[in-house]
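The values are calculated or read from the model by the stated rules, or taken from the named source; none is laboratory data. Note that the structure is predicted; figures quoted are calculated from it, not measured. Positions of Cβ are backbone-derived with ideal geometry, glycine not excepted, and every protein chain shown enters the neighbour counts. For accessibility, only protein heavy atoms count, side chains too; no ligands or nucleic acids. Shrake-Rupley method; radii C 1.70, N 1.55, O 1.52, S 1.80 Å.
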Amino acid sequence: MILALETSCDDTCAALVTRDGRIESNVISSQGLLHSRYGGVVPELASRAHLELIGAVTADALEAAGAGLDDVRRVAVTRGPGLIGALLVGVSWAKAMAAARELSLTAVDHLHGHVVGSTLGDDPVQAPYVCLVASGGHTFLARVDEPGSYRVLGQTLDDAAGEAFDKGARLLGLGYPGGPELDRLARQGDPDSFDFPRSAPGGNGSSSSRLDFSFSGVKTALLYAVRDLGEARAAERRADLAASYQRAIVAALTARTAQAVVREGAARLAIGGGVAANSELRHSLEELGVRLGIRVWIPPRELCTDNAAMIGAAARFTEPLPYPDYLGLDAAARL
Ligand code: KG4
Ligand code: ZN
């Protein structure tokens, strides 16, 4: 089994994954409540919380898998990108766990984890496939020809989709993290009541163009709409604003994904990242699959948001470092 660890942002995560992609356990300790009073993740608080939690979370993951350290053949850990202090806790812990038993260690790119999350479980996606990753820090489309790597077809030029959800939620007076709350509120509103922009920068998806995203315009449009309505009216129409805002983001993500699938001649589509937990996006991409006649892998929500099982998934396709070569391994805020 692979013991996988993930501490790149505000979730402390450990999982046990087998070489053939079975998830034996996947423990996630969210620090959401800790950061909510500040309206966002406070990096130094995140690092300290990881430090306090990582031992218990690792023990929980072993227990939930009915396993002991003797069953672990390899350790995997997120090396980056993410908050440097948060990453350092996971990397140091992983090195210590591996070195004590002279196990090998795999350093994983967090985004590679999101890209290959759907290769886990009973019905894994097979390469080649196209993957949409939409999270709080990143939004991109990738082509996966073999699961050890991926090629970025296009990415956001400004805000990530999750960032747009979180900032929109804040404008509407919702709590942190805003994505799930905005998702809930949108269900009570009319998505056609406000006409927010669905930008697709730099082209039409033709063979040479990039498949980029931009979400700063829609955020500004929401800001102006709230300002023009005035506080009282904006509060009354909160659900309509949320529904229309979510519709614009989901429509932009879906349209670009459709272009990527058609252009790449893909028969399979997978999604990952926290925004892939959004109910309207899940529904919209399922419909896209029917429309294009392709299969779509939509992982359970706990495999979309940050988790360690996806880090174990990526480790299956990444060369491990033998003991003691990884003792000098460092975390990296950017890869
Ligand atoms: O992948 P993730 O857990 O962490 C990063 O790597 O960034 O993504 C977190 C992001 C946050 O912006 C959060 O608001 C968003 O995913 N998110 C959602 C939903 N659940 C999480 N956005 C929209 N709808 C949701 N249901
Ligand atoms: Zn992530």
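Table: residues versus (1) part of a helix (DSSP H, G or I); (2) more than 16 Å from ligand 2 (Cβ to nearest atom); (3) surrounded by fewer than 23 Cβ atoms within 10 Å (Cβ to Cβ); (4) under 23 Å from the mean Cα position of the chain (by Cα).
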position: 192; (1), (2), (3), (4): no, yes, yes, no
position: 197; (1), (2), (3), (4): no, yes, yes, no
position: 210; (1), (2), (3), (4): no, yes, yes, yes
position: 224; (1), (2), (3), (4): yes, yes, yes, no
position: 227; (1), (2), (3), (4): yes, yes, yes, no
position: 233; (1), (2), (3), (4): yes, yes, yes, no
position: 257; (1), (2), (3), (4): yes, yes, no, yes
position: 286; (1), (2), (3), (4): yes, yes, yes, yes
position: 289; (1), (2), (3), (4): yes, yes, yes, yes
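Among the numbered conditions (1) outside any helix (DSSP H, G or I); (2) at pLDDT 95 or above; (3) within 16 Å of ligand 2 (Cβ to nearest atom), the only one that residue 335 does not meet is (2).
In segment 170-188, which residue that is in a loop (DSSP other than H, G, I, E, B) and buried (at least 20 other Cβ atoms within 10 Å of the Cβ) is nearest to ligand 2 (Cβ to nearest atom)?
So in segment 170-188, the residues in a loop (DSSP other than H, G, I, E, B) come out as 172-177, 187-188.
Those still in the list that are buried (at least 20 other Cβ atoms within 10 Å of the Cβ) too: 172, 174, 177.
Numbers: 172: 24, 174: 21, 177: 12 Å.
Top of the filtered list is 177.
Among the residues of segment 25-46, those identified as over 18 Å from the mean Cα position of the chain (by Cα) and crowded, with 19+ Cβ neighbours inside 10 Å are 25, 35.
Does residue 21 meet the test of being outside the structural domain of residue 166 (by TED's automatic domain parsing), within 25 Å of residue 276 (Cβ to Cβ), open to solvent by less than 20 Å² (accessible area, probe 1.4 Å) and not polar (S, T, N, Q)? Give the steps one after another, and end with the answer.
Details: outside the structural domain of residue 166 (by TED's automatic domain parsing): yes; within 25 Å of residue 276 (Cβ to Cβ): yes; open to solvent by less than 20 Å² (accessible area, probe 1.4 Å): yes; not polar (S, T, N, Q): yes.
Yes.
On inspection, residue 83 fails the criterion of being crowded, with 18+ Cβ neighbours inside 10 Å and not assigned by TED's automatic domain parsing to the domain that holds residue 319. Out of 298, 271, one residue alone is buried (at least 23 other Cβ atoms within 10 Å of the Cβ) and aliphatic (A, V, I, L, M). It is 271.
Picking from 86, 64, 98, 94, which residue would you name as being within 16 Å of ligand 1 (Cβ to nearest atom), touching a residue at least 12 places away in the same chain (Cβ under 8 Å) and over 13 Å from residue 306 (Cα atoms)?
On the way: 64 fails: within 16 Å of ligand 1 (Cβ to nearest atom); 98 fails: within 16 Å of ligand 1 (Cβ to nearest atom); 94 fails: within 16 Å of ligand 1 (Cβ to nearest atom).
Checking each option against the conditions leaves just 86.
Can you tell me which residue in segment 259-284 is nearest to ligand 1 (Cβ to nearest atom), limited to those that are assigned to a strand (DSSP E or B) and not small (Gly, Ala, Ser)?
Taking segment 259-284 and keeping what is assigned to a strand (DSSP E or B), we get 268-272.
Okay, now just the ones that are also not small (Gly, Ala, Ser), so 268-269, 271.
Values: 268: 21, 269: 18, 271: 11 Å.
Result: 271.
Quickly run through segment 103-131 and pick out the residues that are assigned to a loop (DSSP other than H, G, I, E, B) and away from ligand 1 (no atom under 16 Å from the Cβ). Once the filter is applied, which keeps residues that are assigned to a loop (DSSP other than H, G, I, E, B) and away from ligand 1 (no atom under 16 Å from the Cβ), segment 103-131 yields 103, 121, 122, 123, 124, 125, 126, 127, 128.
Annotation note: Cβ proximity below 8 Å between a residue of segment 178-194 that is farther than 18 Å from residue 162 by Cα and modelled with pLDDT of 95 or more and a residue that is open to solvent by 70 Å² or more (accessible area, probe 1.4 Å) and more than 9 Å from ligand 1 (Cβ to nearest atom) (sequence gap 6+ or interchain) occurs for 189/238; 191/247; 192/247. Residues that are within 16 Å of ligand 2 (Cβ to nearest atom) and either surrounded by fewer than 22 Cβ atoms within 10 Å (Cβ to Cβ) or at pLDDT below 95 (or both) within segment 137-155 comprise 137, 138, 152, 155, listed in sequence order.
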